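The values are calculated or read from the model by the stated rules, or taken from the named source; none is laboratory data. Model, not experiment: these values are computed from the prediction. Using ideal geometry, Cβ is built from the backbone for each residue, glycine included, and neighbour counts are taken over all protein chains shown. Please note that ligands, DNA and RNA were not included when accessible areas were found on the heavy atoms of the full protein model with its side chains. Shrake-Rupley method; radii C 1.70, N 1.55, O 1.52, S 1.80 Å.
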Amino acid sequence: MDGSLLFQSLVLGILLGGLYALLAAGLTLYFGIMRVVMIAHSAFLILAAYLAWWFHRETGIDPLLSLFVTVPLFFAVGVLMQRLLVARLRPVTLTMMSVLLTFAIALTIEGLLGFVFSGTQRRIQLGYSGESIEVFGAHVAVVKLITFGLAAASLAALYVIMKYTKFGQSLRATIQHKEAAQLVGIKTDRVAGYGFGLGLATAAIGGTALSLDATIYPSLHWHWIGPLMAIIVVGGLGSIPGAAIAAMVLGIGQSLLQIPMGTTWAQTIFYVALFATLMLRPQGFFGGRLAQRF
Amino acid sequence: MLNASDRLSVSKAFVAKVVVFAACAAALLTFPSWAANPYILSAGVVVLSYAVLSTSWNFVGGFTGYISLGHAAFFGLGAYGTALLITKLDLSSFVAWFLAGVGVALFAIPVGWAALRVRGASFVIVSIALVLIMLLVFQSWSDFTGGSNGLVVPRPFPDMLRPEHHETFFYLFAALLAVTLLCWWLIDRSRFGMGLKAIREDEDKAEALGIPTYSYKLVVYVVSAFFTALGGGMYALWFGDLDPVFQFSILIGSYMVLMALLGGVRQLYGPLLGALIVGTALEYFKLEFGDTQFHLVATGLLLGIVVLFMPDGIIPAGMKLVDRFTPERSSIREMTAAELLERDQSESSERAGRHASTPSDPEPSTTEKAKR
C-alpha cells in the first residue's frame, strides 16, 4: 500500500466524515430534545435527495438551488411532526414508541418514493460531475468537496445558532433540564418543535449534498441509518461533539479499510465499533449520564 | 352467597373460554380442508409462520418491554443454519432444523450479553444493527451462503405434491405455534415471568427488589431467539429457497413487532391475532398490488396508527369496549391504601353486612381473605 493511496483515502474519509457528522448532529438533536431516536432521519435524507434529483430533472437548474425549497419545507415538516405526532406519545414509553413511530414514517416514505419515482436507480448528471482537483497529489472529486463544504458550513451554522442566539440558548436549556427551562419562562414545547425542525433541516442539506455524488434508490436509507445509529451510540447519545468526533473517526476508518477489505466489508467497522462500545462503555465515549438509560 | 355466584361466573367464563378455544383450534386445524385452493393454503402457511415468529418475538417484547426490531436476524440465521447443515453436512432435514435452532440460541447468548447492557433506544439500535450486519455478511460471503444468487434448500418430503406439501407444513407450523404458545403461557404464570414483567414495569425497582434482571433478560432473549430460529428453519424447509435480502430484512422484524403490538403484547394470543390480521392483509396487498411498494406504505401507516392510538393492542382495546357495556366493576387497584384501610376497619366493626358504600365490589379483597 503506497503513501499516495493512503493519503487519498484519508482525504476521502475526512470528506465522508463531514457528511456523517452533519447527519449525526441532527440525530443527536432529536435525541437531546425529546429522547427520540429518529429512524426516519435517513429516509428524509433520501427524500431530499430525490427532491433535488426531481427538481434538476424538471427545471434543469443546479440541484443545489433546491435547498432554498427543501430546507424550509423540511423545517416545517419537522415542527409539525413533533407537534402532531411525537408529542402525542405517552411519556412513559416515549423512547421505545418513538422508535416505532419514526420507523413507520421511514417505511411510509420509502414506499411512497418507490410508488412515485419507481425503484429505478437515479443519478444526477452535472457539468462538473466528473471533475476533480488535485490536493497534494490526491484526486478529490469536486462534488465531494461541495458536499463537505455544505456539511461543514451547516455544522458551523448549527454551532452558531446553538451557542449565540436566544433560540439556541433556550434549546440548550430545554435539552439540559426541561422543567427548569419552563420555570425561567421558556416555552419548551414550542422550542422542542423548532429543534425538531432544525434536525430535519440537516437531513435536507445532507440529502441534497448526497444527490450530487451518489446513485439513489428508495431503499438506500437502510444503508445510512445503520452507520448513523452506530455513530451516535459510539459518540454517546445526546452529545453533539461526541457524534461529530465519532463520525469523523469512523468515516476515516471506513475509508481506510476500503483499501484492504473492499467497500462491503469496510462497512462492518461501524457495527464492530458499536458492539465494542457496548462492551467497554455502554454510555458511549463522549456521552453523559443520559445515554445508558435510554 | 357472594362466593357461590362468584364461582358460577368464573366457571361460566371458563366454559366460554374453552368453547372459544376449541372453536378456534378446530377452525385452524380444519383450514386445509376448506381452503379453496393451494394458493390460499400457502397463504395460510405464511400467516401461521408469521404467528410463530411474532409469538417468539413476544417473549422479549411482551415480557420485558424491550422492543427488538432485529429479530429477523435470528429468523434468517435459523433458515440459513438449517439449509447449510442439510447441504454441507448431509444431516436429515429435521435434525438440521433443531440443531440450527440450538445453534442460534447459543449465538444469541453473546449478542444478548452485549445488547441487553443498554436499555430503550440503544437496544433498538443494536437490534437493527444486528440485522444489517447479518445481511452484509451473508451477501458478501457468497461462496459459503450462495450470496444474492440464493440458496436452495433440499425438500424434506421429496415425493410430495405441492398441495400435500403445503398441508403438511401447515400442521407442522401449527404444532410449532402450539409449543411456542404453551411455553409463553408457562413463563407467563411462573415466578420467572413475574420477574420479567417487573422489569417491563420498572427495571430499577425490579432490581432493587432483588430480581436478577440481567440474567432474566438474557435467558428470555435466548428463548425468544431459539423459537424465532425454529420458525425461520421451518420456513426454509417449506419455502425451499433463501435469499439474504428477504431473510435478513428489517421488514420481517418490523412485521413481528407490528403484529404483536396490534394484537396486544401482554396477551397470550395477541401476536397470533395480529398475525392473522396483518398477515392476511399483506398477502392480499401482494396479490392485488403486486410489485409496487404499496405494502410498505400500508405497513408503515398501520404501524403508525397502532403506535399512536392503541399501543396496548386490539385485545385490551376490545376488552375495554366490552367492559363499557357490562356492569361497572371496581378493582382493588382503584382504591387508595387509605380508602382500603378505612373500609377494612369499618368492615371489621360492622361485620360487612350493612356496609353499602361499595356495593359495586363483588369480590372480597385480598386483605380480607388474608385476615380470615
Flagged pairs (Cβ under 8 angstrom, 6 or more apart or on separate chains; first in region B:32-46, over 13 Å from B:Tyr171 (Cβ atoms); second surrounded by fewer than 19 Cβ atoms within 10 Å (Cβ to Cβ) and at pLDDT below 85) are B:Pro38/B:Arg162; B:Pro38/B:Pro163
Only unsatisfied item for A:Arg190, checking (1) closer than 21 Å to A:Gly78 by Cβ; (2) open to solvent by less than 30 Å² (accessible area, probe 1.4 Å), is (2)
Listed by range, helices (runs of 4 or more DSSP H) wholly within region B:277-372 having at least 3 residues that are more than 14 Å from every other protein chain (Cβ to nearest Cβ) and at pLDDT 60 or above are B:314-325, B:337-350
When (1) out of contact with any Ser or Thr (no Cβ under 7 Å at 6 or more places or on another chain); (2) crowded, with 22+ Cβ neighbours inside 10 Å; (3) of a type in the set (Phe, Trp, Tyr) are applied to B:Phe94, the one that fails is (2)
Filtering region B:113-128 down to residues that are within 15 Å of B:Leu77 (Cβ to Cβ) and surrounded by fewer than 22 Cβ atoms within 10 Å (Cβ to Cβ) yields none
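Yes or no, residue by residue, for (1) away from every other protein chain (no Cβ under 14 Å); (2) part of a helix (DSSP H, G or I); (3) aromatic (Phe, Trp, Tyr):
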{"position": "B:Ala105", "(1), (2), (3)": "yes, yes, no"}
{"position": "B:Leu135", "(1), (2), (3)": "no, yes, no"}
{"position": "B:Gln139", "(1), (2), (3)": "no, yes, no"}
{"position": "B:Glu164", "(1), (2), (3)": "yes, yes, no"}
{"position": "B:Glu167", "(1), (2), (3)": "yes, yes, no"}
{"position": "B:Val179", "(1), (2), (3)": "yes, yes, no"}
{"position": "B:Leu182", "(1), (2), (3)": "yes, yes, no"}
{"position": "B:Phe192", "(1), (2), (3)": "yes, yes, yes"}
Checking B:Ala175, B:Ala198, B:Ala225 in turn, the sole residue that is within 28 Å of A:Thr264 (Cα to Cα), modelled with pLDDT of 85 or more and assigned to a helix (DSSP H, G or I) turns out to be B:Ala225
Checked region B:12-35 for anything under 21 Å from B:Leu182 (Cα atoms) and of a type in the set (Ser, Thr, Tyr); matches are B:Thr30
Per the filter on region A:60-97, residues closer than 22 Å to A:Pro218 by Cα and either within 14 Å of another protein chain (Cβ to nearest Cβ) or among the polar types (S, T, N, Q) (or both) are A:Ser66, A:Thr70, A:Met81
If we ask which residues in region A:118-152 are in contact with a Pro (Cβ under 9 Å, 6 or more places away or on another chain) and open to solvent by less than 30 Å² (accessible area, probe 1.4 Å), their number turns out to be 2
Counting only helices (runs of 4 or more DSSP H) wholly inside region A:210-294, the ones holding at least 1 residues that are open to solvent by less than 20 Å² (accessible area, probe 1.4 Å), in contact with a Ser or Thr (Cβ under 9 Å, 6 or more places away or on another chain) and farther than 30 Å from A:Phe117 by Cβ are A:221-235, A:240-261, A:268-280
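Residues checked against (1) more than 30 Å from B:Leu29 (Cβ to Cβ); (2) touching a residue at least 60 places away in the same chain (Cβ under 8 Å); (3) open to solvent by less than 30 Å² (accessible area, probe 1.4 Å); (4) within 27 Å of the chain's Cα centre (by Cα):
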{"residue": "B:Leu130", "(1), (2), (3), (4)": "yes, yes, yes, yes"}
{"residue": "B:Phe138", "(1), (2), (3), (4)": "yes, yes, yes, yes"}
{"residue": "B:Pro154", "(1), (2), (3), (4)": "no, yes, no, no"}
{"residue": "B:Phe157", "(1), (2), (3), (4)": "no, no, no, no"}
{"residue": "B:His166", "(1), (2), (3), (4)": "no, yes, yes, yes"}
{"residue": "B:Leu172", "(1), (2), (3), (4)": "no, yes, no, yes"}
{"residue": "B:Arg189", "(1), (2), (3), (4)": "no, no, no, yes"}
{"residue": "B:Ala206", "(1), (2), (3), (4)": "yes, no, yes, yes"}
Within region B:224-279, residues within 22 Å of B:Cys24 (Cα to Cα) and not hydrophobic (A, V, I, L, M, F, W, C) come out as B:Gly231, B:Gly263, B:Gly264, B:Arg266, B:Gln267, B:Tyr269, B:Gly270, B:Pro271, B:Gly274, B:Gly279
Among residues of region B:81-95 being in contact with a Leu (Cβ under 7 Å, 6 or more places away or on another chain) and more than 17 Å from B:Phe227 (Cβ to Cβ), the residue farthest from the other protein chains (Cβ to nearest Cβ) is B:Ser93
All-but-one check, A:Thr102 against (1) crowded, with 22+ Cβ neighbours inside 10 Å; (2) of a type in the set (Val, Ile, Thr); (3) at the interface with chain B (Cβ under 9 Å from one of its Cβ atoms), failing number (3)
Picking from A:Gly193, A:Gly185, the residue that is outside any helix (DSSP H, G or I) and farther than 30 Å from A:His56 by Cα would be A:Gly185
With criteria (1) without any contact (Cβ under 8 Å) to a residue 40 or more places away in the chain; (2) within 21 Å of A:Tyr194 (Cβ to Cβ); (3) open to solvent by 20 Å² or more (accessible area, probe 1.4 Å), A:Phe115 comes up short on (2)
Output for Cβ contacts, cut-off 9 Å, separation at least six or different chains, first residue more than 10 Å from B:Leu262 (Cβ to Cβ) and open to solvent by less than 10 Å² (accessible area, probe 1.4 Å) in region B:274-288, second β-branched (Val, Ile, Thr) and in a helix (DSSP H, G or I), reads B:Gly279/B:Val46; B:Gly279/B:Val47; B:Leu282/B:Val46; B:Leu282/B:Val47; B:Leu282/B:Thr299
Taking region A:18-37 and keeping residues in a helix (DSSP H, G or I) and within 14 Å of chain B (Cβ to nearest Cβ) leaves A:Ala24, A:Leu27, A:Thr28, A:Tyr30, A:Phe31, A:Gly32, A:Ile33, A:Met34
